[in-house]
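Student: I have a structure I would like to understand better, so I am pasting it below and will then ask my questions one at a time.
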Amino acid sequence: MTTLDRQLAIKILNEKYTNSRFAYPEEAAESWKVFVKRIVKGEYEGNENEYWNDLDTRDILEEIGYGQSEDVKKIDREFRGTLIHTDIRNWGCDEARTDDWWNFGYPSALTGYLKDKFESDIRFKKKF
């Protein structure tokens with residue numbers, strides 16, 4: 001990513017995402033990485049709103065141009081490998097959009113409350 005691209009990403013973060021905890025693209029990428037590592041290890045303990053907020057982090061990365069960076073692609077491969085029921089939209093409001101693969105299905109490595117929540121969701125229930 002060029003310096004100009006990074007400056008544009010920072011501008012988008014500061015103007016569009018004024019309530020975001022991210023001032024810099026690298027902070028969003030690090031947050032996505034930490035989230036994915038916790039998912040992969042089966043250590044994610046957040047509720048569905050926290051989970052969806054973490055998915056929004058990936059949306060932000062895409063919008064600011066960091067979605068195609070090698071670092072994010074590597075993290076994405078790890079997360080994508082955990083997803084099941086990827087034919088069902090779990091999060092996101094643009095039903096016509098299909099390039100936001102992270103908003104489909106849910107990680108097989110989930111445990112506890114969040115796993116129970118998704119497994120009891122009528123959209124996923126028919127899969128079991």
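Student: Which one of these does Asp99 not meet: (1) surrounded by 12 or more Cβ atoms within 10 Å (Cβ to Cβ); (2) under 26 Å from Thr2 (Cβ atoms); (3) charged (D, E, K, R); (4) modelled with pLDDT under 95?
Tutor: Checking Asp99 against (1) surrounded by 12 or more Cβ atoms within 10 Å (Cβ to Cβ); (2) under 26 Å from Thr2 (Cβ atoms); (3) charged (D, E, K, R); (4) modelled with pLDDT under 95, the one that fails is (1).
Student: Right, next: Do you know which residues across the range 79-105 are within 12 Å of the chain's Cα centre (by Cα), touching a residue at least 40 places away in the same chain (Cβ under 8 Å) and under 16 Å from Val40 (Cβ atoms)?
Tutor: The answer is Phe79, Trp102.
Student: Determine which single condition Asp5 fails, assuming it passes every other condition in (1) in contact (Cβ under 8 Å) with a residue 60 or more places away in the chain; (2) part of a helix (DSSP H, G or I); (3) out of contact with any Gly (no Cβ under 7 Å at 6 or more places or on another chain).
Tutor: Checking Asp5 against (1) in contact (Cβ under 8 Å) with a residue 60 or more places away in the chain; (2) part of a helix (DSSP H, G or I); (3) out of contact with any Gly (no Cβ under 7 Å at 6 or more places or on another chain), the one that fails is (3).
Student: Something else about it: Could you check the range 55-92 and list, in sequence order, the residues that are under 17 Å from Leu114 (Cβ atoms), at pLDDT below 95 and assigned to a loop (DSSP other than H, G, I, E, B)?
Tutor: Answer for the range 55-92, where residues must be under 17 Å from Leu114 (Cβ atoms), at pLDDT below 95 and assigned to a loop (DSSP other than H, G, I, E, B): Asn90, Trp91.
The values are calculated or read from the model by the stated rules, or taken from the named source; none is laboratory data. Model, not experiment: these values are computed from the prediction. Backbone-built Cβ (ideal geometry, glycine too); neighbour counts: all protein chains shown.
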